Amino acid sequence: MFQPASLKGESPVPIDERIRNKYLILYILIIILSFIPSSLFEYWYVTYFWSETFIWLFFLILPLNVLVVIYLIQFSAVLGSVLILKVVNLIHAPKEGVFKRSLEDRDYIFWNIRNIIKKWPLYLMASNPFPWFKNRFTLRFFGVKIGKKTICDNSWISSEFVSIGKNVIIGMNSSVLSFGIEQDNFILKKVKVESDVLIGAKCVLLPGTLIKRNAKLSAHSYTNHNAVLEENSIYMGHPAKLKKKE
Amino acid sequence: MEREDDSKYEMEFISTSGVYKTPFSLIIIIQLFVGGVVLFFVNLWFINSLYYLLTGSQFYSFGIKAEWYYWLLLPLNIYGNIFLFVFTILIFSAGIFRFLNKLSHPREGVFERGSKDWKYMHRRFWTAFFPIWLARALPLPWLDIIAFRFFGTRVGRSVVLYEGYIDPEFVEIGDFTMTSLNICIFSHLIYQDKVIIKKVKVGKACVVGPHTIISPGTVMEDFAVLGVNSYTDINQNLEGNLIHVGTPVSITLPIQSIEESQKKAVKVKDEAKISKEKQNGSNLNLKEG
């Protein structure tokens, strides 16, 4: 909710520095593509309203024009990156597992490429001043399913291998991570959060976590790799341990 | 401190502050519209005046009064626009906020989902959302403190309050308090079917360490310090002049003066030297000093 600008809840898409410059062209391509619809809209707006009769209307609905342009840029960025992502996924499909964190490992390289493609739309989504069409809307295009009536806008949610049920509360400043790095290994494992779960503020879910229906995770705790939190129970601690079962 | 009926606030775990998206969140469009219209029309008048001074004809025909010194104001235009935009939105939404408070007086307690207080809490939060976002996104560091004051958070003088999640009501922060990075000050906690609202009070010259959570009902007395990575339970009282650490806060430590801690450091160093001279084993145990 009332977060500072530095903690806006951008979905984490880290990129390996060794191959960052190599695929820069993809990133710039998506940025350029995302500005085309909004500039076409601006052209239409100016030519249509800049006349003797509509000039007052031109200035009157200029604030709403800003709102439309912000969302046009965001939506077209999402669409552009999803199209490129589909092509990349055809070349190499994403899969879970433990990989090597070296440039010879094909899975690791393609994970980085996917992150480069997703970075711009997710950055735009997080920097948007308006609270609509945020995580729940945007992440759906990248394969993350988030149910209805879920609060998840102030948390860092990974953009793949995550599924979140409906009526879930994910607290401010929490992170849901489906990837992890351990020394030379790179881990990709699905995080599953079922319906009616409550996750407090500043929690961290590590890859492989399964939270079953109606479980509660208290604030300021984290779950272990491959942890399973049972139904109707309360967990807390570092790492999360069972506190009470109903 | 006397408190009535603490038992209804007792929860087994701490959740988070936050709101659901209700249709009332569309008020952000109205706020944007009001701020934008004022901004654009003032600028239109300004540009029109400059255009008149330059060419003798009007940029767009409506009444102007051009003065030569308008040219001097041109560099200030951008800075002035920031002020104009933010403060029209701040004053407008603070007005709505006061109006909502009159409709339903905000009060502490535990409220069911869908009740009147629950609805008005959401309305107040959505009213305060955009102005505070704006104040924090703009490059003026004192602007967000002013924005919080507009929405009923009592913030004292010389307060550091930049990098944290802070609820806009039922929070009171004293003079010279310093809050660190990535903190949460919650006066609301939502559980699936209810919300807990309780006032948070942070005293004078307190220090709130990084990565901490302050839950509703916490009272930090003057000169108290909340240590790194700890959180407080609901209705916890942190005594003044002490350091409080723990998840939830359970350990208290004395605040040492610089001289005292320096003396201790010298003592530890000396003992380390002596033990080195003695050559009794290779591992130094600094903790025992």
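Coordinate-derived values only; no laboratory data. Source: prediction; values computed, not measured. Glycine also receives a Cβ, built like all others from the backbone with ideal geometry; neighbour counts cover every protein chain displayed.
Here is how the numbers come out for the structure above:
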item	result
Three-way shape call for chain A based on the alpha-carbon gyration tensor, with the a/c threshold at 1.5	oblate
Span per principal axis, largest first, for the Cα atoms of the protein assembly as shown (Å)	93, 62, 57
Average other protein chain Cβ within 10 Å of Cβ, residues A:2-14	5
Formal net charge of residues neighbouring A:Leu139 (Cβ-Cβ distance under 10 Å; K, R +1; D, E -1)	+4
In segment A:6-98, GluC sites (Glu not before Pro) in a DSSP loop with at most 11 other beta-carbon atoms within 10 Å	A:Glu52
Cα-Cα over 20 Å, subset of A:Lys245/B:Lys119; A:Lys8/A:Lys202; A:Lys192/B:Lys21; A:Lys100/A:Lys145; A:Lys118/A:Lys145; B:Lys119/B:Lys194	A:Lys245/B:Lys119; A:Lys192/B:Lys21; A:Lys100/A:Lys145
Gyration tensor verdict on segment A:137-246 (Cα atoms; rounded if a/c is under 1.5, prolate if a/b is larger than b/c, oblate otherwise)	oblate
Segment A:1-119, relative contact order in percent, only Cα pairs under 8 angstrom and at least six apart counted	40 percent
Cα long-axis angle, helix A:62-91 against chain A (0 to 90 degrees, to the nearest 10)	50 degrees
Relative contact order (percent, whole number), chain A, Cα cutoff 8 Å, 6+ residue spacing	15 percent
Mean residue ellipticity (222 nm) of chain A, computed from DSSP H runs ≥ 4 via -39,500 (n - 2.57), nearest 500	-12500 deg cm²/dmol
Per-residue mean of C-beta atoms belonging to partner chains within 10 Å, peptide A:58-67	5
In nm, spacing of pseudo-spin labels at A:Ile25 and B:Asn235 (7 Å Cα→C-beta vector)	6.6 nm
Using alpha-carbon coordinates, inclination of helix B:116-137 to the longest axis of chain B, degrees	80 degrees
DSSP-defined antiparallel bridges as percent of all bridges, segment B:6-254, nearest 5	35 percent
Mean separation of Cα contacts under 8 Å (6+ apart) over length of segment B:171-269, as relative contact order %	20 percent
Rounded to 5, percent antiparallel among DSSP beta bridges of the protein assembly as shown	35 percent
Residue-averaged beta-carbon neighbours from other chains (10 angstrom radius) around B:128-136	4
Chymotrypsin sites (Phe, Trp or Tyr not before Pro) within segment A:8-95, DSSP loop, no more than 13 other Cβ atoms inside 10 Å	A:Trp50, A:Phe54
Theoretical ellipticity at 222 nm over chain B - DSSP helices of four or more residues, -39500 (n - 2.57) apiece, nearest 500	-13000 deg cm²/dmol
Exposed GluC sites (Glu not before Pro) absent - longest run of chain B, DSSP non-H/G/I/E/B, at most 11 other C-beta within 10 Å	B:68-289
Mean shadow area of segment B:6-254 over all directions, Cα convex hull, nm²	15.9 nm²
